[in-house]
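**Q** Have a look at the structure that comes next, please.
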Amino acid sequence: MNKKDLIIRNCAEIINEDKIDSFMKKGIVYCGYECSGEIHLGHLVTILKLLDLQKAGIKVKVLLADWHTWLNQKGDWDFVNKQVKAWEKGFKSVGLNATIVKGTSFQKKPDYFEDILKMSLGLTVNRGVRAMQQVARDIDSAKISQIIYPLMQVEDVKKLGVNFVVSGTDQRKIYMMGLDEGSEIGLQEAVYLYTPLIPGLVGPGTKMSSSVANSFISIRDKKEDIKKKVNKAYCKPGDIKNNSILSIAKLIVFPKLEKLEIKRDKKFGGNLKFKSYEELENNFEEGKLHPADFKSAMIEAIEEVIAPIRKGWN
Ligand code: STL
């Protein structure tokens with residue numbers, strides 16, 4: 001696969017796609033993370049996207065957004081600091097050659113906040129709340145801290161000096177505020193790569209989130225846990241929407257392993273080997289692949305992806 005195809009594969013949306021070629025020569029990308037709870041397969045989607053960019057020769061920065069975590073009411077500083085340490089350890093084991101940056105290491109500067117105040121003049125409270133719809137804890141009683149949050153996220157793009165941004169689609173309204181108000185702070189142009197979210201394992205209408213029990217597979221889960229969770233997961237025959245196991249195949253297994261092998265008894269049609277996600281999806285949609293056989297193969301594949309990360313963690 002050529003470098004550009006690697007960068008754009010599996011994205012849900014890309015802003016400034018036409019700039020990719022010219023930005024690639026001196027490319028720097030960042031992705032920011034709130035540090036709270038487990039690192040799970042949902043996070044691994046952005047991590048693998050960062051790996052794609054790394055392979056394309058782009059420098060990678062990982063932002064451990066400690067101040068954002070605190071602003072979003074995930075816990076007190078004692079909790080946040082402990083989480084940051086755990087996440088730092090986790091990120092060292094995922095195979096990235098990234099510079100890890102802690103938010104508060106560069107955010108506590110007067111000019112950082114001057115930019116936030118500049119942007120705050122041009123944006124309504126309503127827009128700030130809407131930007132946080134998919135991110136904020138307890139959005140119905142959103143605190144002012146949670147509308148300061150997106151402005152800081154936009155300023156991070158400026159201060160980290162990146163020309164590529166990777167994030168899940170849940171963050172797109174935040175960065176859109178930056179596209180509209182960025183001229184106020186001299187925000188540089190960047191390519192925004194939004195990756196799809198993985199639906200929760202528990203069924204349609206949920207997302208994979210460490211705050212929803214059994215919705216996620218952690219990178220620390222052991223094979224037994226993976227097996228239990230996958231076997232319980234929603235995966236209706238023929239349903240290719242809302243299907244977390246198919247999403248995991250598309251966004252994690254194929255990018256990483258480039259194939260999926262199904263072991264099946266001769267009387268059920270014998271073994272299968274898929275070399276692309278599309279092949280798998282077609283077979284599943286047409287009912288040629290039963291969820292039980294698909295799940296068994298996915299347990300092995302997820303274990304294969306996670307095992308080295310888990311090992312590096314311990
Ligand atoms: C979440 C969950 C998650 C990631 C984020 C938020 C991202 C936070 C962030 C903060 C500052 C930035 C960029 C991203 O500059 O997995 O609720």
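**Q** Between 0 and 90 degrees, rounded to the nearest ten: what's the tilt of helix 223-232 against the longest Cα principal axis of the chain?
**A** The angle comes out near 80 degrees.
**Q** Another question about this same structure. Does anyone have the angle between helix 291-313 and the longest principal axis of the chain? Alpha-carbon axes, 0 to 90°, nearest 10?
**A** That helix lies at roughly 50 degrees to the long axis.
**Q** Does segment 184-235 come out rounded, prolate or oblate by the C-alpha gyration tensor, with a ≥ b ≥ c the root eigenvalues, rounded set by a/c under 1.5 and, if not, prolate when a/b is larger than b/c and oblate if not?
**A** Judged from the Cα gyration tensor, segment 184-235 comes out prolate (a/c at least 1.5, a/b above b/c).
**Q** Additional query: Taking the chain as the reference, fit the longest principal axis to its C-alpha atoms, fit the long axis of helix 110-120 to the helix C-alpha atoms, and give the angle between the two in degrees, 0 to 90, nearest 10.
**A** Computed tilt is about 80 degrees.
**Q** When DSSP beta bridges are limited to those with both residues in the chain, what percentage is antiparallel, rounded to the nearest 5?
**A** 30 percent
**Q** Using alpha carbon centroids, what distance separates segment 204-270 and segment 92-151, in Å?
**A** When both Cα centres are located, 32 Å separates them.
**Q** Can you give the Kirkwood hydrodynamic radius of the chain from its Cα pairs, in Å with one decimal?
**A** 20.5 Å
**Q** If we sort 300-308, 30-38 on the protection proxy, mean other Cβ atoms within 10 Å, highest first, what's the order?
**A** 30-38, 300-308
**Q** Which order, highest average first, do 241-248, 8-15 follow once you tally other Cβ atoms within 10 Å for each residue and take the mean per peptide?
**A** Put in order of decreasing packing, that is 241-248, 8-15.
**Q** What is the ratio of the Cα radius of gyration of segment 223-313 to 2.2 N^0.38 Å, where N is its residue count, to two decimals?
**A** My calculation over the Cα atoms of segment 223-313 gives 1.04.
**Q** Follow-up. Which value results when the Cα radius of gyration for segment 1-60 is divided by 2.2 N^0.38 Å?
**A** Relative to the rule-of-thumb radius for its length, segment 1-60 sits at 1.18.
**Q** Cα-Cα over 19 Å: which of Lys82/Lys223; Lys207/Lys250; Lys102/Lys222; Lys85/Lys227?
**A** Over 19 Å Cα-Cα: Lys82/Lys223; Lys102/Lys222; Lys85/Lys227.
**Q** Moving on to the next point. Where does the chain land at 222 nm, in deg cm²/dmol rounded to the nearest 500, when only DSSP H runs of n ≥ 4 count, each adding -39500 (n - 2.57), divided by all residues?
**A** My calculation for the chain gives -13500 deg cm²/dmol from helical runs alone.
**Q** Right, here's the next one. For the chain, modelled as a Gaussian network with Cα springs under 10 Å, which listed residue fluctuates most, Ala233, Ala142, Ala131?
**A** Result for the chain, Cα springs under 10 Å: Ala142 fluctuates most.
**Q** Placing one identical point scatterer on every Cα of segment 31-160 and ignoring solvent, what is log10 I(q)/I(0) from the Debye formula at q = 0.12 Å⁻¹?
**A** Taken in order of the listed q values, log10 I(q)/I(0) reads -0.49.
**Q** Taking only C-alpha pairs under 8 Å that are 6+ residues apart, what is the relative contact order of segment 223-313 in percent?
**A** Across segment 223-313, relative contact order equals 35 percent.
**Q** Related question: Going by Cα centres, segment 152-185 and segment 273-289 are how many Å apart?
**A** 37 Å
Throughout, read-outs are computed from the coordinates displayed, never taken from laboratory work. Keep in mind it's a predicted model, so treat the numbers as computed, not measured. Heads up, the Cβs are rebuilt from the backbone with ideal geometry, glycines too, and the neighbour counts pull from every protein chain shown.
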